[in-house]
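Visitor: Let me give you the structure first, and then I'll get to my questions.
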Amino acid sequence: MNCHNCSEFVLDAIDSVYKQTFSNWEIILWDNCSDDNLSNLISNYDERLRYLKSKTFTTLGRARELALRKTRGRFIAFLDSDDLFIETKLESQVNLLNSDETVGMVFSDCMFFDENGDKYSNFSLVTPYSGEITNKLINKDFIATSSILIRKSLLDEINFKFNEKFSVIMDYDLHIRASIKTKVAFTREILSKWRIHNNNGSKDLHFVLYHEAEEMLNKIIADYPFLKKECSQEIKYRIALNNLNFGIESWSKGDKILAKKYLRKSNFNLKTLLIYLMISTINYSVFLKIKMFAFFTRSFIFKLKTLFK
């Protein structure tokens with residue numbers, strides 16, 4: 001668990017681990033140079049909570065890597081300080097890994113929630129896959145990191161488990177690298193919860209994500225050159241998606257000419273064509289309102305489905 005000035009939600013996250021039906025666990029709480037008196041806040045927990053503080057602030061990728069080096073268990077789970085585990089999370093996934101030695105990582109569905117309650121589940125937005133899934137993951141990341149459990153022995157085989165340059169996309173990078181080494185399994189149970197709040201959805205973070213996605217793909221291809229042949233279509237799609245995202249970023253900054261240039265380098269499917277037309281006819285602020293309307297519509301549909309199950 002990594003934390004930087006996370007006192008608002010961290011106790012909820014820690015308590016969700018202490019409530020687990022599986023009892024053989026420890027928490028590595030890595031304090032990434034906070035100044036919010038975190039050490040005093042968590043002082044009443046027992047020795048299963050190991051608190052470690054960094055002397056300097058680092059990227060999240062670096063913080064995850066440093067915390068990982070302190071782990072001692074056979075299985076590793078990741079929980080951000082604002083998210084939650086469902087009580088049966090560890091028990092369910094330990095049983096899954098123990099039942100099949102050929103599977104090195106498992107994941108589950110994840111519920112997105114805010115101060116008003118549950119919004120929608122990850123699997124209502126994406127299609128999960130199991131087995132050898134590298135090509136599927138290059139196409140789209142359908143794994144919530146808080147939902148995974150991974151063998152420590154598998155992590156030991158992976159170079160650059162968390163790329164220290166990355167501050168946003170390091171988890172996606174790990175998902176792909178792990179899938180290259182092992183079969184992956186999933187359960188449709190909702191075993192973790194992802195908190196939506198003001199600090200985890202800013203425009204700036206999305207644009208950092210776009211640039212890190214390009215660097216991530218180039219580095220993975222350099223490390224595993226056989227993927228250029230085995231996943232050629234998925235790589236082409238990912239490159240096209242990066243160009244689409246760079247186009248949207250340029251549009252947000254008012255450069256419509258550069259935005260259209262990037263979109264012309266992308267695959268001209270219906271979505272790209274619509275965005276291309278919108279760049280020519282509306283302001284970026286209107287586009288954001290359309291995206292927000294689509295988001296709330298999706299959340300409303302999910303709630304309807306839940307009510308009528």
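Visitor: Return the residue satisfying two criteria in turn: it lies in the stretch 38-53 and is in contact (Cβ under 8 Å) with a residue 24 or more places away in the chain and in a helix (DSSP H, G or I), and of such residues it is surrounded by the fewest Cβ atoms within 10 Å (Cβ to Cβ).
Guide: Looking at residues that are in contact (Cβ under 8 Å) with a residue 24 or more places away in the chain and in a helix (DSSP H, G or I), I get Leu41.
Visitor: Within the stretch 54-160, which strands (runs of 3 or more DSSP E) (wholly inside it) include 3 or more residues that are out of contact with any Leu (no Cβ under 6 Å at 6 or more places or on another chain) and over 22 Å from Asn24 (Cα atoms)?
Guide: Ranges flagged: 103-114, 117-121.
Visitor: Something else: Condition first: closer than 19 Å to Ser108 by Cα and surrounded by fewer than 18 Cβ atoms within 10 Å (Cβ to Cβ). Now tell me which residues in the stretch 140-173 satisfy that.
Guide: Selection gives Lys140, Asp141, Lys152.
Visitor: Tell me, yes or no, whether the stretch 25-41 has at least one residue that is at pLDDT 95 or above and more than 28 Å from Leu205 (Cβ to Cβ).
Guide: yes
Visitor: Here's something else I'd like to know. Report yes if Asn2 is modelled with pLDDT under 95 and surrounded by fewer than 17 Cβ atoms within 10 Å (Cβ to Cβ), otherwise no.
Guide: no
Visitor: Answer with yes or no whether Leu244 is touching a residue at least 12 places away in the same chain (Cβ under 8 Å), surrounded by 11 or more Cβ atoms within 10 Å (Cβ to Cβ) and not charged (D, E, K, R).
Guide: yes
Visitor: Please determine, by comparing only the residues of the stretch 8-19 that are under 22 Å from the mean Cα position of the chain (by Cα) and touching a residue at least 40 places away in the same chain (Cβ under 8 Å), which one is nearest to Gln93 (Cα to Cα). Steps first, answer last, please.
Guide: In the first step, residues of the stretch 8-19 are kept if they are under 22 Å from the mean Cα position of the chain (by Cα); the result is 8-17.
The next check asks that each one be touching a residue at least 40 places away in the same chain (Cβ under 8 Å); those that pass are 8-10, 12-13, 16-17.
Working: Glu8: 28, Phe9: 24, Val10: 23, Asp12: 21, Ala13: 18, Ser16: 16, Val17: 14 Å.
Here the residue is Val17.
Visitor: Condition test on Asp171, is it over 18 Å from Ile221 (Cβ atoms) and in a strand (DSSP E or B)?
Guide: no
The values are calculated or read from the model by the stated rules, or taken from the named source; none is laboratory data. Here the structure is a predicted model, which is why all the values come from computation and not from measurement. In this analysis, Cβ positions are derived from the backbone assuming ideal geometry, glycine residues included, and neighbour counts consider all displayed protein chains.
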